[in-house]
Amino acid sequence: MRLTMRPAGRNQVVSTFPRRSVVLSFMTNRDQPVFSLKGVTKSFGGHIAINDISLSIGDGETVVLIGPSGCGKSTLLRSFNGLILPDCGVVRFDGEIVSAETSESMRRRMGYVIQDGGLFPHLTAYENVALMARHCGRGANEIRDRVGALSELTRLEVGTLDRYPVEMSGGQRQRVSLMRALMLDPEVLLLDEPLGSLDPLIRADLQSDLKRIFDSLKKTLVLVTHDMSEAVFFADRIVLMREGRIVQADEPINLLRRPAEPFVTKFVQAQRQAVDVMRGLEA
Amino acid sequence: MRLTRTILPCVAVLLVFVAVACGEDRADVRIGSKSFTESVILGEIATHLVRDTGLSVEHRREIVGTRILWQALLAGQLDAYPEYTGTLIQEILAGQSIENDDALSEALAEVGIVMVGPLGFNNTYAMGMLKDNARRLNVMSVSDLRKHPDLSFGFSNEFMARGDGWPGLSKTYGLTPANVRGLNHDLAYRSIVDGTLDVIDIYTTDAEIEEYGLAMLEDDLHYFPRYDAVFLVRDDIEPTALNALRKLSGSISQSRMVAMNARVKLHGEPETVVGAEFVTEELGVETEIEVLTLGQRLMHTTLDHLTLVGISLGAAILIAIPLGVVSAMKPGPGQVIIGACGIVQTIPSLALLVILMKPVRWAGADGFAAPAIVALFLYSLLPIVRNTATGITNVSATLRESATALGLGAGARMKLVELPLASPMILAGIKTSAVINVGFATLGALIGAGGYGQPIMTGIRLDDYRLILEGAVPAALLALMVQGLFELAERLLVPRGLRIRVAH
């Protein structure tokens, strides 16, 4: 995949393995992270959704936002592409402040995938994927090639492209939604519970596919989930939130080893219990 | 996108069709008539006379309301129509206190109108009683009614209200009957025959006077003014036409008019036949009567009706969808827009038609159809505006946000996502408007715009159910057809993804 609008140096750094350590060193070296948030606060009708959030996300990093329902993780994600503008504090993307004026053009550099896919029901899969490229005046051949490459990448079943969203399965919808998000080859992918509405088997399937896709793309990723194992599966860094604040932003293993407060342990443990119970039964 | 791509050509074709329909050559002479039999007969007589000179003539029949005819004459939309001196003096030129026919001629000449006539008969009001009843009670004149305050009086609603009607009459004669009521004129005849009423107001040339054996009471105090029939003619009419019409002066006697009214009203002969016979017998003018077949009549009324519906609905679609979009995007102005469209709906149709006649003429629009088209246009707005606004507002927040997150601006979002998603709702609104429009368009006949309302009005006037059905049935069929047409359009216009239902 081509990564456009990016200084040449960055790609090489990201492609080095293992990524986790690279990213951390990268964070210290670079003067400009992809996203940097300072004191971001947003409330809705008196309820504070996110409270004084400061966070930096480096190029090529995969960050997972997690926490109990209503902790503000989705709101935080939506502040990245300006769907939500903070009451106070600033969100910067590539050094520039995300505002009402700047967000429209910035969004074309950020793919966005939501729980049910958010596909337009009046358009076929192909039309959904191609919509933005057509709007930007890309040539028909270029679009066809790009859609072809993306359906290979996402392993979309042949024939799905001509279907309307109502005619697709949940998994197919998410694949198409991902293709749509990737169509303009964005620098960043924002995913809000992309697997949230799928049943467990399809979910596991798509999870490994996503992992493979993300690894091959080497893009900056921010993913929201409430599932701890999913977070561990994808994340370079997990941002655990509670009541609008960040409790701990760290490598996954450190949540277990060095929890910032008892809530972290509680949260991590809560999701391990099912497996533990089963193991107990086995023994 | 698909919506605009498909609707725009449709509307364009519609407008072209309508422009062709409107562009029909205008007749050299246009004659009008009021919405009662005598006036229509006089209109036909004039039509035959003028046609005999070789000019092309158009007869705009049965226009409701003296004011409308008068204004149309002044504006040059009509060249001539039959009127009554009493109406001119008491009503149209009431402010000028005109004493006699000469003064009337002068007053008319000042506004460019030539008065031809009097034609020879006086169609004034009179009090009527059953002959037997009058003889038994020894009532010969209106004054005699004072001796019988217990009689039941029933008057047409107009007579009850007019200053020169019942209020003046009761004052002049000192009549204080215990029982007076207002009712429909045709109904009054039935009531007097079955004995519910004793005294009614009649027009002195009514065909029913003879038919039902009524006595006209003598107006011994000369309360009722003369209502001598005349023709009002614009002074810029073709001179040959004016000369032809002048032949009518003094040519129609009271009894002849009553007889002609009776033939149409009671024996169902067409006005044009009765008029032609008169012209041949009394004025020696040979005429060709063109009695249209049912098919020809239907073609005329259908074309008129489609013109009214086509232009008004086409314009409403073009204007209402953008208004709906604005209403959805800006709730403040939106409330004002939808409120205004709603208020228009509450204006009674005849009132709206009359209100519109002046500004429409002032805007230079010709033809009787224009006010009707504007009224239909206004009535058609609300369903489309409201459905467009609702359709857009109902687009789910998730989809709206998906479009935003892709980087689409507000305009592109509207065009590519919100309007297509709202298209089923918008089409439903257009369908509602179209069906209502087809029905409302029958009212265009009230002001001479033609259409399916024309036979309905004639049918009501002549109590002829076949004629009423000749308008009502095609109107109903057209409404059904329009409904079907839009259901078809739905298949073409609404994206397939919004129509398919998948069993889950």
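The values are calculated or read from the model by the stated rules, or taken from the named source; none is laboratory data. Please read all numbers here as calculations on a predicted model, not as lab measurements. Cβ: placed from backbone, ideal geometry, glycine included. Neighbour counts: every protein chain shown. Ligands, DNA and RNA are stripped out before the accessible areas are found, and what is left, the full protein with its side chains, is counted by its heavy atoms. Shrake-Rupley method; radii C 1.70, N 1.55, O 1.52, S 1.80 Å.
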* Asked: Can you give me the Cα centroid spacing of the stretch B:400-415 and the stretch B:231-251 in angstrom?
  -> 68
* If you project the alpha carbons of the stretch B:101-144 onto the principal axes, what extent comes out on each, in Å, largest first? -> 52, 19, 12
* Write down the radius of gyration of the stretch B:125-217 and its Dmax, each obtained from C-alpha positions, in Å. => 11.9, 32
* Structure fact -> With x for Gly and Pro, the residue-by-residue ³J(HN,Hα) of the stretch A:107-112, computed from phi through the Karplus equation 6.51 cos²θ - 1.76 cosθ + 1.60 at θ = phi - 60° and given in whole Hz, is 4, 6, 9, 10, x, 9
* aspartates and glutamates whose Cα lies under 12 Å from that of B:Lys247, excluding same-chain neighbours fewer than 8 positions away -> B:Glu282
* **Those GluC sites (Glu not before Pro) in the stretch B:40-123 that DSSP places in a loop and that have at most 11 other beta carbons within 10 Å** => B:Glu99
* To do: Note every residue of the stretch A:150-182 with a reduction of at least 30 square angstrom in accessible area, all protein chains present versus the isolated chain, computed with a 1.4 Å probe, or write none.
  => A:Tyr164, A:Val166, A:Glu167, A:Arg180
* Structure fact -> In degrees rounded to 10, the 0-90 angle between helix B:37-52 Cα long axis and the longest Cα principal axis of chain B is 80
* To do: Enter the buried accessible area of the B/A pair, total of both sides, probe 1.4 Å, in Å² rounded to the nearest 100.
  => 2100
* Starting from the Cα of B:Glu211, step 7 Å along the direction of its Cβ; do the same at B:Ser396; then give the gap between the two resulting points in nm. => 6.7
* Select from the stretch A:98-125 all residues whose loss of accessible area on going from the chain by itself to the full protein assembly reaches 30 Å² or more (probe 1.4 Å). => A:Glu104, A:Arg107, A:Tyr112, A:Ile114, A:Phe120, A:Pro121, A:His122
* Asked: With N residues in the protein assembly as shown, what two-decimal value do you get for its Cα radius of gyration over 2.2 N^0.38 Å?
  -> 1.47
* **Net dipole in debye of the stretch B:294-503 [+1 Lys, Arg Cβ; -1 Asp, Glu Cβ; about Cα centre; nearest 20]** => 500
* **chain B: angle of helix B:2-22 to the longest principal axis, Cα-based, in degrees nearest 10** => 20
* Asked: Over chain A, what is the relative contact order in whole percent, taking alpha-carbon pairs under 8 Å and six or more residues apart?
  -> 24
* **Set of lysines with alpha-carbon distance to B:Lys171 below 23 Å, sequence-local pairs under 8 removed** => B:Lys147
* Relative to the first principal axis of the alpha-carbon coordinates of chain B, what is the inclination of helix B:369-393, with its axis defined by its Cα atoms, in degrees from 0 to 90 and to the nearest 10? -> 30
* Each residue of the stretch A:207-216 in turn: what ³J(HN,Hα) in whole Hz from Karplus with 6.51, -1.76, 1.60 and θ = phi - 60°, glycine and Pro shown as x? -> 4, 5, 4, 4, 4, 4, 4, 4, 4, 6
* Structure fact -> Rounded to the nearest 5, the percent of antiparallel DSSP beta bridges in the stretch B:125-217 equals 50
* Can you pull the one-decimal nm distance between simple spin-label points at B:Ala340 and A:Phe44, each 7 Å off the Cα toward Cβ? => 3.5
* Carbon/sulfur fraction of accessible area - the stretch B:294-503, other protein chains in place, 1.4 Å, % -> 71
* Asked: Got a sec? Charge dipole of the protein assembly as shown, +1 on Cβ for Lys and Arg, -1 for Asp and Glu; which of B:Val273, A:Tyr164, B:Ser39 is way out at the positive end?
  -> A:Tyr164
* Could you tell me which of B:Ile209, B:Asn100, B:Ala441 has its Cα farthest along the dipole of chain B towards the positive end, charges placed at Cβ (Lys, Arg +1; Asp, Glu -1), taken about the Cα centre? => B:Ala441
* To do: Within the stretch B:423-504, list the chymotrypsin sites (Phe, Trp or Tyr not before Pro) lying in a DSSP loop whose Cβ has at most 13 other Cβ atoms in a 10 Å radius.
  => none
* To do: Go ahead and collect, in residue order, the members of the stretch B:409-439 whose backbone nitrogen is under 17 Å from a label point 7 Å along the Cα-Cβ direction of A:Val166.
  => B:420-428
* Using protein chains only (no ligands, no nucleic acids) and a 1.4 Å probe, work out which residues of the stretch B:405-424 have their accessible area cut by at least 50 Å² relative to the chain alone. => B:Ala405, B:Leu406, B:Gly407, B:Leu416
* Intensity falloff of the stretch B:252-385 expressed as log10 I(q)/I(0), Debye formula with alpha-carbon point scatterers, at q = 0.11, 0.19 Å⁻¹ -> -0.65, -1.07
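Before I look further, what does the stretch B:125-217 give for accessible area per residue, probe 1.4 Å, in whole square angstrom?
Details: 4260 Å² over 93 residues.
For the stretch B:125-217, the per-residue accessible area is 46 Å².
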* **Between the stretch A:244-264 and the stretch B:289-334, the alpha-carbon center distance in angstrom** => 68
